[in-house]
Structure formats: structure tokens, C-alpha cells
Amino acid sequence: MKEKITAVVLAAGSGRRMNSAVPKQYLLLDGRPVLYYTLRAFEESAVTDIVLVIGADEIEYCRQEFVEKYRLSKIVAVVAGGRERYHSVYEGLKAAAGSDYVLIHDGARPFVTADVIARSIEAVKVCGACVAGMPVKDTIKVVDADGLVKETPARSTLWQIQTPQSFSCPLITRAYKEMIASCNTSSVTDDAMVLEQMTGQRVRVIEGDYRNIKITTPEDLLVAEAYLKDVEKK
Ligand code: C5P
């Protein structure tokens, strides 16, 4: 039987850091919402299904604006997210139940490439848990509450982690369930962490793409516009 590979695309954030009334995933890039580009990348990939997680008030708007207008046929569910990103992931995982693998992806990363998605699918089938990442370019320092440097980890060991973060669906669902039941949620910043902490399973880092940025602050939009122009030239 064909494997079910579901992309869980997260777009339920409020975009506080963007200083905009419009959440970042709906800001326009060349006349189309950021989220459109993200969804199109998965629609055109080998994933079999897409679950879209959005704000509770936006379900009907998203059905019309994305599923119907752009004829995104792989979207099988549009569900409401929650207050924190991990709540939204958990809602997405519930809607993806029965999948073999899930690729959890930030809706605010519209430049995820076909290659990164393909590498994620290939690797998750082998190792059960992988995340896209790139070596850091800057020196990273650990700084204490007084603003003093505590340590400078060797740069060669540091990677900046992106999404997709891809997992065996039963494995990550169990880890999320346990994490939420334990109420030990304060330090969660990505999905791999949940798996590492709740199950001890090792997570492989696969090659992402420096352009796979998360549109978070207004200056990211300027960069995004430049990237989009470059993609269109090709
Ligand atoms: O806020 P952050 O930059 O971590 O958001 C990453 C992605 O997670 C964004 O695409 C955002 O829409 C989504 N998110 C969500 N639910 C939340 C917070 C963030 O779906 N409660």
C-alpha cells in the first residue's frame, strides 16, 4: 500500500514580532500570501496529504482563499491551532492520525525547496526522525543574565535548525502526547526537542537551504522579495 506522508503546515501564529495587524503568513509577496508559496511547495512534492493549521477564526477564509482559489488538492484538513506553537502542532498531528510520516513545517517559510522536501522524505524513511538545518555562519555565544559571555561553543558543531522537521507519525504523536500530559512545555522551541526529551530517540540533521528563512520580522520581508524575484528569473 502507498505510504501516507502528511505535511503539517503551521500558520496559526499571530505575528507579534512583525508589528503588523496581518499575521506574517498572510502578508503578500508579489500579490500572493506567504502561505500560498509554502502550500504550493508541498502540493508539488511527493507528500500525499497536507494538514493546514490556522487561527480558529480563519478556517472558512482559508478554505476559500487557499483550498479553492488555488486548487490545492492535497489539503485534507484545515484545523484550528492553539496558543503556543506546540499546541498547534498537536492539533495538526491529531488531524494527521493514520499517516506513516509527518513533515512539520512553518507556514512562514515559503522558500522551502523541492530538494529539501525530497531529502526530508528520503531520510525520515530511513531513520524515523530528521530536521533540516544549515551550519551557522556567525560565532554563537552563550550569554548569562548579566550580559556576560559564559562560553563560546565550537562553531563547527553548531547548526541552525529549520523546518521541515520530519518524523514517524506514531513516534512524534506519542512524544507530543506525553509532553503535554507532563506539562513540561516551557522550553519547547522545536519538534525534534520534544522527541529527544520524551523518547531519547536520536534525530538526524539533513541539509536544508540558507534561503529557507522564516519570515518573522519586517526586514525578512525585504529579503523574501529579493529571493522571490530571483526564483522567478529562473
Ligand atoms: O512564532 P514562530 O516564529 O515560532 O512561528 C513559527 C510557525 O508556527 C509560524 O508559521 C506560525 O504561524 C506557527 N504558529 C502556530 N501556532 C502558534 C504559534 C506559531 O501555528 N500558536
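The values are calculated or read from the model by the stated rules, or taken from the named source; none is laboratory data. No experiment lies behind these values; they were computed from the predicted model shown. We place every Cβ from the backbone using ideal geometry, glycine too, and count neighbours over all the protein chains shown. Side chains are part of the model used for accessible areas, which takes the heavy atoms of the whole protein and leaves out ligands, DNA and RNA. Shrake-Rupley method; radii C 1.70, N 1.55, O 1.52, S 1.80 Å.
Restricting attention to the range 86-106, report how many residues are over 10 Å from the mean Cα position of the chain (by Cα) and under 17 Å from residue 161 (Cβ atoms).
Total meeting the criteria: 2.
Does residue 109 fit the bill of being under 16 Å from the mean Cα position of the chain (by Cα), modelled with pLDDT of 95 or more, of a type in the set (D, E, K, R) and in a loop (DSSP other than H, G, I, E, B)?
Details: under 16 Å from the mean Cα position of the chain (by Cα): yes; modelled with pLDDT of 95 or more: yes; of a type in the set (D, E, K, R): yes; in a loop (DSSP other than H, G, I, E, B): yes.
Considered against the rule, which asks whether it is under 16 Å from the mean Cα position of the chain (by Cα), modelled with pLDDT of 95 or more, of a type in the set (D, E, K, R) and in a loop (DSSP other than H, G, I, E, B), residue 109 comes out as yes.
Sort through 146, 115, 106 and tell me the only one that's of a type in the set (Asp, Glu), within 21 Å of residue 44 (Cα to Cα) and open to solvent by 50 Å² or more (accessible area, probe 1.4 Å). Give the derivation first.
Numbers: 146 fails: within 21 Å of residue 44 (Cα to Cα); 106 fails: open to solvent by 50 Å² or more (accessible area, probe 1.4 Å).
After applying the criteria, what remains is 115.
All but one of (1) within 24 Å of residue 119 (Cα to Cα); (2) surrounded by 11 or more Cβ atoms within 10 Å (Cβ to Cβ) hold for residue 140; which doesn't?
Result: residue 140 passes all but (1).
Of all residues in the range 191-221, count the ones that are within 18 Å of residue 103 (Cβ to Cβ) and open to solvent by less than 30 Å² (accessible area, probe 1.4 Å).
7
Out of all the residues in the range 91-103, which are buried (at least 24 other Cβ atoms within 10 Å of the Cβ) and either of a type in the set (Phe, Trp, Tyr) or near the ligand (Cβ under 10 Å from one of its atoms) (or both)?
92, 101
Restricting to the range 1-18, and then to whatever is modelled with pLDDT under 80 and crowded, with 16+ Cβ neighbours inside 10 Å, can you tell me which residue is nearest to the ligand (Cβ to nearest atom)?
Among them, the one singled out is 15.
If you check residue 32 against the conditions, is it surrounded by fewer than 19 Cβ atoms within 10 Å (Cβ to Cβ), at pLDDT below 95, within 9 Å of the ligand (Cβ to nearest atom) and farther than 22 Å from residue 177 by Cβ?
No: the conditions fail for residue 32.
Pairs please, first residue from the range 162-173 and among the small types (Gly, Ala, Ser), second anywhere and away from the ligand (no atom under 12 Å from the Cβ) and open to solvent by 10 Å² or more (accessible area, probe 1.4 Å), Cβ atoms under 6 Å, 6+ apart in sequence or on different chains.
Cβ pairs passing all conditions: 168/128.
Quick check on my filter: what residues within the range 66-89 are open to solvent by 40 Å² or more (accessible area, probe 1.4 Å) and either out of contact with any strand residue (DSSP E or B) (no Cβ under 6 Å at 6 or more places or on another chain) or within 14 Å of the ligand (Cβ to nearest atom) (or both)?
Of everything in the range 66-89, those that are open to solvent by 40 Å² or more (accessible area, probe 1.4 Å) and either out of contact with any strand residue (DSSP E or B) (no Cβ under 6 Å at 6 or more places or on another chain) or within 14 Å of the ligand (Cβ to nearest atom) (or both) turn out to be 68, 69, 70, 71, 73, 83, 84, 85, 87.
For the range 168-208, name all the residues that are within 20 Å of residue 158 (Cβ to Cβ) and of a type in the set (Gly, Ala, Ser).
The answer is 187, 192, 208.
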